[in-house]
Amino acid sequence: MPQPPNILWLCTDQQRFDTIRALGNSRINTPNIDQLCAEGVSFNQAYCQSPVCTPSRASFLTGRYPRTTRCRQNGQQMPADEVLLPKMFADAGYRCGLAGKLHLASCSDSKIEARIDDGYHDFHWSHHPQPDWGDDNAYTAWLNRKGEKWDDLYGNPDSGSKYWQNGMPTESHQTTWCAEETISFLQKNNGRPWFFTFNCFAPHHPFDPPKEFLDRYDPGDMPLPKVREGELAAKPSFQQLDSEWAHNSPGEFHSGAMTDQDRREVCAAYYAMCEHIDHEVGRILQALEESGQAENTIVIFMSDHGEMLGDHGIYFKGPHFYDEAVRVPLVMRWPGKFAEGLQSDELVELLDLAPTFLEAAGIDPPPDRLQGKSLMPLLQGEKVKHRDHVFSEYYNSWTHGDAYASMLRTRTEKLVVYHGTGQGEYYDLENDPDEFENRYDDPAYAEAVRSMMVKCFDASVFGMDPGPTREGPF
């Protein structure tokens, strides 16, 4: 009987969908992810279920919507009765490991992240690279074993700006460490089925790539953010706040004071971070090939949510549902089993990954839990419709404590409702694909808004927990 496939899950943090050269960005260099695209299936319309870390990760690690996991906010603890995908695989006999971020519980104030029975046997935890936790941050411990200190290596007082700077050298970077742990794991576990998640912090802000990658990008060649003068006047107040200070936090990132040169330099730094990730992905893929396991390993490259990068005047993330915030890269490869070089334009959600992995591995899903829909037909090249719409949520998830929002997106329309405020967004994507013109209060679009409102309400109701099992008629 053939061994079930290994799962190599490469997940970045805050990487927007348009950061892969093979998928249309000619200004960025991503040769290794380009190769994955050529050898597998890339999804051009993949959406996360929340535009911030914890609820998004809780969703795709369980195959359930944020409202269902009850892990709706950064800083919340994942309930102990939720079953994570690595736990399902561990129970099926897989060796499971992680390097980098998990973020299913609070990590603020130098707290070590609390864990539920998550299934990870090898757990190399580093929420972010700054040395907040001493040797409890596995990345910091790695630096210490090398005789290196973060404060001695990070940044350069003679370079950078208020908005970006040179980061750790490549050989000492957290992304590099994540790759080292990934390679070590796949080499040690050759011969038995395994499930490993590479969770680097990059390209999450601060914008601080290794200098060698930053030097490859000329700010003069970088695009300016997509902004239409005066557009925010018709947008919800949350966006107007964030256009001046990212996260509406004075002193953190004064986006309203940036010059065009600042914006181009930040774009260059962000692209450099993405290229460094690509470099480490290449090292991992080479090690996988050299180990003889590539043919029986499903490789997934994705991110938990996007980055606004100045589009619509906003940086970072928050209660925003532009495609830059909720649309993410998603590429999957399994030689001989998945289609090669296929680009799918079907609407997919990240919670679709859990049923996909379980089906590929022949593992029965837990009853009455999963809310995703397997991508296997699309991965095998079938021309089938996957979803009519995608759904995303924000429930006081991080900044802006009064922000509760739901998004429904079809191929041609997008609706965002900011609950309890009377504010919202409606975009006619056929005529306004860049989401500049908010038609939410436009009388000419009243019926379209009403129709999408009904669909959004339906999606929220159908997103309720499917369990527990109904045991009888009464």
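When the residues of region 166-218 are filtered to those that are small (G, A, S) and over 20 Å from G306 (Cβ atoms), the one that is modelled with the lowest pLDDT is G191.
Reported count of residues in region 153-202, each being touching a residue at least 60 places away in the same chain (Cβ under 8 Å) and aliphatic (A, V, I, L, M), is 4. Residues in region 425-444 that are within 21 Å of H247 (Cα to Cα), touching a helix residue (DSSP H, G or I) at 6+ places or on another chain (Cβ under 8 Å) and surrounded by 22 or more Cβ atoms within 10 Å (Cβ to Cβ): E435 alone.
Residues in region 50-60 that are assigned to a helix (DSSP H, G or I) and of a type in the set (A, V, I, L, M, F, W, C) were compared, and the one that is nearest to E349 (Cα to Cα) is F60. Can you tell me which residue within region 46-94, out of those that are touching a Gly at 6+ places or on another chain (Cβ under 9 Å) and of a type in the set (F, W, Y), is farthest from F357 (Cα to Cα)? Filtering region 46-94 for residues that are touching a Gly at 6+ places or on another chain (Cβ under 9 Å) and of a type in the set (F, W, Y), the one farthest from F357 (Cα to Cα) comes out as Y65.
Scanning region 105-135 for residues that are surrounded by fewer than 16 Cβ atoms within 10 Å (Cβ to Cβ) and of a type in the set (V, I, T) gives a single hit, I112.
Taking into account only those residues within region 94-143 that are outside any loop (DSSP other than H, G, I, E, B) and polar (S, T, N, Q), which is nearest to F195 (Cα to Cα)?
T140
Taking region 126-149 as the range and being within 17 Å of R57 (Cβ to Cβ) and either in contact with a helix residue (DSSP H, G or I) (Cβ under 8 Å, 6 or more places away or on another chain) or of a type in the set (D, E) (or both) as the test, the residues that pass are S126, H128.
Test D91 against the stated conditions and say whether it is of a type in the set (D, E) and over 25 Å from P466 (Cβ atoms).
When the stated conditions are applied, D91 does not pass them.
The single condition from (1) in a loop (DSSP other than H, G, I, E, B); (2) of a type in the set (A, V, I, L, M); (3) in contact with a Cys (Cβ under 8 Å, 6 or more places away or on another chain) that V227 fails is (3).
Residues that are within 23 Å of the chain's Cα centre (by Cα), under 22 Å from M464 (Cα atoms) and in contact (Cβ under 8 Å) with a residue 24 or more places away in the chain: list the strands (runs of 3 or more DSSP E) wholly contained in region 346-439 that include at least 3 such residues. Step through it out loud before you land on a result.
Values: elements: 390-395, 404-409, 413-418, 423-428.
Fully inside region 346-439 and qualifying: 390-395, 404-409, 413-418.
Report, by residue number, each residue of region 106-142 that is within 19 Å of P206 (Cα to Cα) and either touching a His at 6+ places or on another chain (Cβ under 9 Å) or of a type in the set (S, T, N, Q) (or both). Result: C107, S108, S110, S126, H127, H128, P129, Q130, W133, N137, Y139, T140. Between C96, C71, the distinction of being in contact with a His (Cβ under 9 Å, 6 or more places away or on another chain), more than 26 Å from Y270 (Cα to Cα), surrounded by 24 or more Cβ atoms within 10 Å (Cβ to Cβ) and in contact (Cβ under 8 Å) with a residue 12 or more places away in the chain belongs to C96 only.
Just to be sure before I move on: is G63 part of a loop (DSSP other than H, G, I, E, B), small (G, A, S), surrounded by fewer than 24 Cβ atoms within 10 Å (Cβ to Cβ) and in contact with a helix residue (DSSP H, G or I) (Cβ under 9 Å, 6 or more places away or on another chain) in the structure I sent? I'd like the intermediate steps shown before the answer.
Details: part of a loop (DSSP other than H, G, I, E, B): yes; small (G, A, S): yes; surrounded by fewer than 24 Cβ atoms within 10 Å (Cβ to Cβ): no; in contact with a helix residue (DSSP H, G or I) (Cβ under 9 Å, 6 or more places away or on another chain): yes.
No.
Pick from P193, P169, P206: which is surrounded by fewer than 21 Cβ atoms within 10 Å (Cβ to Cβ), touching a strand residue (DSSP E or B) at 6+ places or on another chain (Cβ under 8 Å), farther than 24 Å from F316 by Cβ and not polar (S, T, N, Q)?
P193
The set of residues in region 94-125 that are of a type in the set (G, A, S) and under 20 Å from G63 (Cα atoms) comprises G97, A105, G119.
Do you know which of the residues in region 219-263 that are free of Cβ contacts under 8 Å to residues at least 12 places away in the same chain and charged (D, E, K, R) is farthest from G310 (Cα to Cα)? Full working, then the answer.
The first filter runs over region 219-263 and keeps only residues free of Cβ contacts under 8 Å to residues at least 12 places away in the same chain, leaving 229-230, 233, 240, 245, 250-252, 257, 259.
This time we only want the ones that are charged (D, E, K, R), so: 229, 252.
Numbers: E229: 13, E252: 15 Å.
Ranking the candidates gives E252 first.
Scanning region 217-257 for residues that are surrounded by 17 or more Cβ atoms within 10 Å (Cβ to Cβ), under 19 Å from Y440 (Cα atoms) and among the acidic types (D, E) yields a total of 1. Scanning region 4-56 for residues that are within 10 Å of the chain's Cα centre (by Cα) and among the β-branched types (V, I, T) yields T12, V52.
Taking R27, is it free of Cβ contacts under 8 Å to residues at least 24 places away in the same chain and surrounded by fewer than 20 Cβ atoms within 10 Å (Cβ to Cβ)?
On the way: free of Cβ contacts under 8 Å to residues at least 24 places away in the same chain: no; surrounded by fewer than 20 Cβ atoms within 10 Å (Cβ to Cβ): yes.
For R27, the condition - free of Cβ contacts under 8 Å to residues at least 24 places away in the same chain and surrounded by fewer than 20 Cβ atoms within 10 Å (Cβ to Cβ) - is not met.
Here is a yes/no grid of residues against (1) surrounded by 24 or more Cβ atoms within 10 Å (Cβ to Cβ); (2) over 30 Å from E252 (Cβ atoms):
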| residue | (1), (2) |
| --- | --- |
| V266 | yes, no |
| L285 | no, yes |
| E290 | no, yes |
| M302 | no, no |
| E340 | no, yes |
| D345 | no, yes |
| L350 | yes, no |
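Remark: V384 falls outside the filter, which requires a residue to be of a type in the set (A, V, I, L, M) and closer than 23 Å to F196 by Cβ.
The values are calculated or read from the model by the stated rules, or taken from the named source; none is laboratory data. All values reported here derive from a predicted model rather than from experimental measurement. Cβ atoms come from the backbone with ideal geometry, glycine included; neighbour counts cover every protein chain shown.
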